[in-house]
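What follows draws every value from the coordinates through simple rules; no lab data is involved. These numbers come from a predicted model, not from an experiment. Note that each Cβ is placed from the backbone with ideal geometry, even for glycine, and that neighbours are counted across all protein chains shown.
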Amino acid sequence: MLPAEDSEEAAATRAAVLALRRESGMPVAGAAWVVGPRQLRISETSGVRSPDRRGLSVPAGAGLIGKVLTTGRPAAVSDYRSARRISHEYDSFVAAEGVRAMAAAPVIVGTAVRAVLFVGSRDAVRLGDRVLTAMTQAARDLEQFLASHEQVHRLLSEARAVRDNTAPRDGAALERVHEAHADLLDLAASLEDGHLKDRFHEVCSLLEQGCCSEGPERASSENPARLSPRELDVLTAVAAGCTNLGISDRLDIGLETVKGYLRSVMRKLGTTTRFEAVTAARRAGLLP
């Protein structure tokens, strides 16, 4: 199914296509989403002569991008019209754009191809390392976003269900949500594309609102808080007087990840400041 025009998936796809065109140096770039078991539909383009290219359906195996859907592997041709290893149902569309050389790469989430990114040149040339590297990076960034976006919404639904009392209050489940949130923030810090990173942080904020918006729950002595090893590392650094930046350097993790761990620690300990968290942890025997 194509992403809604105003969705995070659509924005991420648009950003990936623009980054791909910029980094590859190619005049044409685009993305086709899988809309059925054996069907693609072009959802985003940049540099094309006709906006009618968006919405074009491509069955599996047809042309270059249909071949990539079938094989799940990148492919390229130096002259589309004379290429022997692809079928030629769409030669007229390619010719209308003046495209000669073309490359495409799958966007794979789990084991399924979710989309195909492509670039085109109006010269019959062998596409070099710059193009292939840009294709690989753009596909990887979009894969990371889609996989993490799906995980965020799954965990967000779980957190909201617990918060709204529509599911049993499972402390282990909430702990998984918070730890996943911190991991996602760390992953966001590793993304190179600025727009993708911004969208990623927006999704992480949704998760934070879903699982952290309620008031802190005081940890009782009968049910002491359980901190993960990484949360204990962060809290130990706080107890040693480190700033967030110092913790980031000391543990070699992103600054946003440090903040995520601290939010999780304070929630579990029922505190509102980092120093209260240290005191509560010492009373609970979690810190010396």
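Observations
- Applying the Kirkwood pairwise sum to the alpha-carbon positions of region 218-288 produces a hydrodynamic radius of 11.9 angstrom.
- At full extension, Val35 and Gln151 could sit 39.7 nm farther apart than now, given 0.36 nm per residue minus the alpha carbon distance.
- Placing R0 at 25 angstrom, the Cβ-Cβ distance between Ser92 and Thr136 gives a FRET efficiency of 0.25 after rounding to 0.05.
- Here the simple spin-label model places points 7 Å from the Cα toward Cβ, and for Arg122 and Phe275 these points are separated by 6.5 nm.
- Packing-based order for 267-280, 120-133, 22-35, using average beta carbon neighbours within 10 Å, highest first: 22-35, 267-280, 120-133
- Calculated over region 8-131: convex hull of Cα atoms, volume per residue (Å³): 98 Å³
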